[in-house]
Amino acid sequence: MVDRRIGILFVAFVSLLSIALLRATYLGAVRAGSLRHAAATQQVTSLTIPAPRGSITDRNGVELAISQAADDVAADPHLIKNAPQVAQQLAPILRKPESTLLTSLTKPRTGFVYLAHLVPADRAAEISKLQIDGLTMIPQVTRVYPRSWAASQVLGSVGWGDRGLSGVEYRYDAALRGRDGTRKIVNDAIGQAISIDDVRATQPGKRVELTIDAALQDELEQVLAGVGAQYSPRGATAIAMDPNNGEILALANWPRVNANDPAGAPSYANEDRAVGFNYEPGSTFKAITVAGALQDGVVTPDTQFGIPSQLQVADRTIHDAEPHGDETLSVAQILKVSSNIGADEIGMKVGPQRFDHWVHRFGFGAPTGVDLPGEEQGIVLHASQYSGSSMGNLPLGQGESVTPIQMATAYSAIANGGILRPPHVVKAIGGKPTPIPEGRRIISSSTAAELRDMLRGVLADGGTASGAAIQGYDLAGKTGTANVVVQGQYSSSAYIASFIGFVPASHPRLLVAVMVDEPQGAIFGGSVAAPAFQKIVGWAVPYLGISPN
Amino acid sequence: MTPAAMTPAGRVKRNTAAATTTKQRSSAHPLRLRVRPAPKSPRRVSGPLPRRAPARSRPASRLSGRMHPVQRAAAFVRGLPDQALLDRLVRGRVWIPLLGVMLAGIVAMQVEVLKLGASIGRSIERGTALQSRNEQLRDTVASLADDQRIEGLAAGMGMVMAPPTGVGFLSRSAGANTPQAIANIHAPNSQAFLSLLSSNGAVTGLASASTTATAGAPTISSTPAAPSSALAASTPASTTTINTAQAAVGSPSQATATTGTRTPSQPSTPTPASTTHAAPAATSAPAAGAGTGGAGVP
């Protein structure tokens, strides 16, 4: 009897074990795939953690562009239980109309709908606290420009997918972008995370340090804003450089653009005119003509030229800005009063071939190599393409197109003693200094010194920019007023006023170029651009520690 | 399952059966004695045993020294089951609580690992949150340090930048200017500065101070030394800096225009036209000898 009972128990245990074994085999072998997937989706979550984009700072560490955590908010309409209430709760946080949210939350035949993009982290945290079933927060990174209006065209913008679209953001996209990380989160039965593991660590982008000085940049932008308010030009550009190493200390464009809302400005305003705008330089180009003539030894600063009231070159009649009778001017005086006829006479003395040589020698007709995207190279004819009247207008800055950055670079060579060096806007990447671009000598230091000395006269009494002088400082520069070409003809009403100068004239430490496109009410470089130069330099000299004479 | 033969009843049956079989065998067959053959070796002779030569045993060290270490290890392992100490250890009861404690330890370790995992997860989340907060603070710092914002606040307090043409330089050798320059140097008013801090630099709270400073500007430009003290006495917001800036501008309407927070489209920098108007007042100021040393402000 006992043996029988024991036997029954034995059989029962064996049966139960067999059933358990069969069930385990079924779950482990037949339904293994689906169960593994279910476990993975219900308990293990794998998140892509976007890498923060490297920040962009000025030369003193002031943050110009930083990345902030943000979230895309999405919903599964199937899981939203009380859509009107959810819409009511989310509307003030997402700052969207309740009706819009309700439409999204009740969208039929879909299990995924975006409610908002790039919601700041603090507001996303508020949403998370609501603990609404069916809402998903997708981590993202958003780009923020703390000084919204500062250097916006230089900094550029970032588009969808954290890709740089323009400016430094585009040019140095590879360095600024990091590597996204992967995070595995294991949840318990009630959905609480019991394990968070960074499977692949997020690698942030590198910090890019610019040569820009934020304070000087602000000053340039304020001055241009003043020019814009007074003269209502189509646009204006100002560049401040250290002529000795090619560092761009500030680069401003007008109209200004809010870097946090580039779409809110017209497309032409987003363009960096300093590198992307071709214009005829006008009289600022005379310094190049004179530099070539001095270097070739065909003139000296004291060489006298007879200046008639007008000069006929082929089919063109050249006049000076101010009517005058026959007079005699030295080369220095020609620059001082910006005589068109005198510049032509110097150019003719140099000759077309050598003039063409010097134009290209100063870097015109080719990109400067500045580390900003969208650089134009200008339009410069070769000597073989000259017409009979070319030497009548080329030496005085007509007939060739240049960019503001080309002019600033060429004047830097005059300022630093004859070395043409590509300008640059990035000082270091990831804490590692970028090498200073190598320069090449284009004129001798003595020629450059002679030229600087002559350019002092422009700001002296009787010069075209005498009003731009600053008491106590030794300035040098050149004004420019150029007709704008409209449909193949020089306009008699549209001009480009410009001024390029540096301080101190003997050993320049700061070079400032100002270009104003089609100012209204005044047209001359000496009256439109030179005062802007004066304000910028007047602010900058004590700031940069440049001592007075 | 216990076999039936091993139960007590079975054992009794088995013994009984064995006895019966023996009896049956003895009764069936007569007893046969088995005679052993004589041993081939000679029998032992009585007397004392001859002394055997002692067995030549090899020294243990020498034996083990000849063995390879692996062989020695193998020999040790082979002999391990026969070790008395091991036997005592394995058969001891200490193992029961020891194993229990170890099992409990394993479970506790697993729990701790889970806790640690959760803690690491929380730390990562906290790190992410702090990083996010840090980025927000960096944004705030950069925004607050904006020069244009600070200039806007300063303009609200009546301070404006002197135009480039408004700055003059005096020669050190000009002895007549030295006493005036020295007289123009004032100790900073800490109370005035602290009163500014109490309003946290808010422009709205300083509107009255700004207005007062603006009203006093023309007086300042005429007598550079006196107004600074007068202003300092009249309003805490007025300092020597305000005095010099006002003197440089020299235009009440311009100073009033700069009051308030500036937006990017409304720069507080005087427009070129206003600068032109301001210049004569500013350029006339150096004559009053307000410079300090070589680089004074009129």
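The values are calculated or read from the model by the stated rules, or taken from the named source; none is laboratory data. Small disclaimer: the values here were computed from a predicted structure and weren't measured. Methodologically, a virtual Cβ is constructed for each residue, glycine included, from the backbone with ideal geometry; neighbour enumeration extends over all protein chains shown. All accessible areas refer to the heavy atoms of the entire protein, side chains included, with ligands and DNA or RNA removed. Shrake-Rupley method; radii C 1.70, N 1.55, O 1.52, S 1.80 Å.
Note down the Stokes-Einstein diffusion coefficient of region A:327-412 in µm²/s, whole number, using a Kirkwood radius over alpha carbon pairs, 25 °C, and 0.890 mPa s.
Reported coefficient: 177 µm²/s.
By a straight-distance test (C-alpha under 12 Å), which aspartates and glutamates pair with A:Lys427 as possible cross-link partners, with residues fewer than eight away in the same chain excluded?
Cross-link targets: A:Asp58, A:Glu209, A:Asp213, A:Glu247, A:Asp371.
Distance between Cα centroids, region A:270-329 to region A:332-396: provide it in whole Å.
9 Å
In square angstrom, rounded to the nearest 10, how much accessible surface does A:Glu280 have for a 1.4 Å probe?
30 Å²
Please list the non-local residues whose amide H lies under 5 Å from the amide H of A:Leu47, H modeled 1.01 Å from N, same-chain partners needing a gap of 5 or more.
Amide H neighbours of A:Leu47: A:Arg183, A:Lys184, A:Ile185.
Could you tell me which of the pairs A:Lys81/A:Lys107; A:Lys184/B:Lys115; A:Lys478/A:Lys535; A:Lys286/A:Lys535; A:Lys286/A:Lys336 are separated by over 21 angstrom between their Cα atoms in the structure shown?
Exceeds cut-off: A:Lys286/A:Lys535.
If you take each beta carbon of peptide A:194-205 and count the beta carbons of other chains within 10 angstrom, what is the mean?
3
Just the projected area, averaged over all directions, of the convex hull on the alpha carbon atoms of region A:103-158: how many nm²?
The Cα convex hull of region A:103-158, projected and averaged over all directions, gives 5.7 nm².
List the residues, sorted by chain then number, that are 5 or more residues from A:Leu64 or on another chain and whose placed amide H is less than 5 Å from its amide H.
A:Ile56, A:Thr57, A:Asp58
If you filter region A:134-222 for chymotrypsin sites (Phe, Trp or Tyr not before Pro), then keep DSSP loop positions with at most 13 other Cβ within 10 Å, what is left?
Passing both the DSSP loop test and the Cβ count: A:Trp160.
At most 13 other C-beta atoms within 10 Å and a DSSP loop state: those are the exposed trypsin sites (Lys or Arg not before Pro) I care about. Give me the longest piece of chain A that has none.
My reading of the result: A:110-549 is the longest stretch.
Compute the signed sum of charges (Lys and Arg +1, Asp and Glu -1) over the other residues within less than 12 Å, Cβ to Cβ, of A:Asn244.
Combined, the nearby Lys, Arg, Asp and Glu give 0.
First obtain the Kirkwood hydrodynamic radius of region A:8-105 from its Cα pairs, then insert it into the Stokes-Einstein equation at 20 °C and 1.002 mPa s, and state the resulting D in µm² per second as a whole number.
108 µm²/s
Could you work out the equivalent-ellipsoid semi-axes for region A:194-261, taking the square root of 5 times each eigenvalue of the Cα gyration tensor, largest first, in whole Å?
After scaling each eigenvalue by five and taking roots: 38, 18, 8 Å.
Report Rg(Cα)/(2.2 N^0.38 Å) for chain A, keeping two decimals.
1.41
Can you list the residues, at least 5 places off or on another chain, whose amide H is less than 5 Å from the amide H of A:Leu249, using H built in the peptide plane?
A:Ala240, A:Met241, A:Asp242
If you find the alpha carbon centre of region B:116-172 and of region A:463-507, how far apart are they in angstrom?
36 Å
For region A:141-207, compute the orientation-averaged projected area of the C-alpha convex hull (one quarter of its surface), in nm².
6.2 nm²
Please work out the Kirkwood hydrodynamic radius for region A:399-488, using every pair of different C-alpha atoms, and report it in angstroms with one decimal place.
15.6 Å
Over the whole of A:183-189, what's the average partner chain Cβ count within 10 Å per residue? Rounded to a whole number, please.
The mean count of partner-chain Cβ atoms within 10 Å per residue comes to 2.
Could you give the C-alpha radius of gyration of region A:279-429 expressed as a fraction of 2.2 N^0.38 Å, taking N as the number of residues it contains?
Computed over Cα atoms of region A:279-429, the ratio equals 1.07.
If one computes P(r) from the Cα atoms of region A:233-322, what percent of pairs lie at distances over 17 Å?
Roughly 71 percent, once rounded to a whole number.
Starting at 0 and stepping by 5 Å, how many percent of the alpha carbon pairs of region A:141-290 end up in each bin?
2, 8, 13, 17, 16, 12, 9, 6, 5, 4, 3, 2, 1, 1, 0, 0, 0
What figure, in Å² to the nearest 10, do you get for the accessible area of A:His382 with a 1.4 Å probe and non-protein molecules left out?
Estimated to the nearest 10 Å², A:His382 gives 90 Å².
May I ask for log10 I(q)/I(0) of region A:224-284 at q = 0.13, 0.16, 0.20 Å⁻¹, from a Debye sum over the Cα atoms as equal point scatterers with solvent left out?
The calculated log intensity ratios at q = 0.13, 0.16, 0.20 Å⁻¹ are -0.41, -0.62, -0.91.
In bins 5 Å wide, starting from 0, what share of all Cα pairs of region A:13-168 does each bin hold, as a percent?
2, 8, 12, 13, 12, 11, 10, 9, 7, 5, 4, 3, 2, 1, 1, 0, 0
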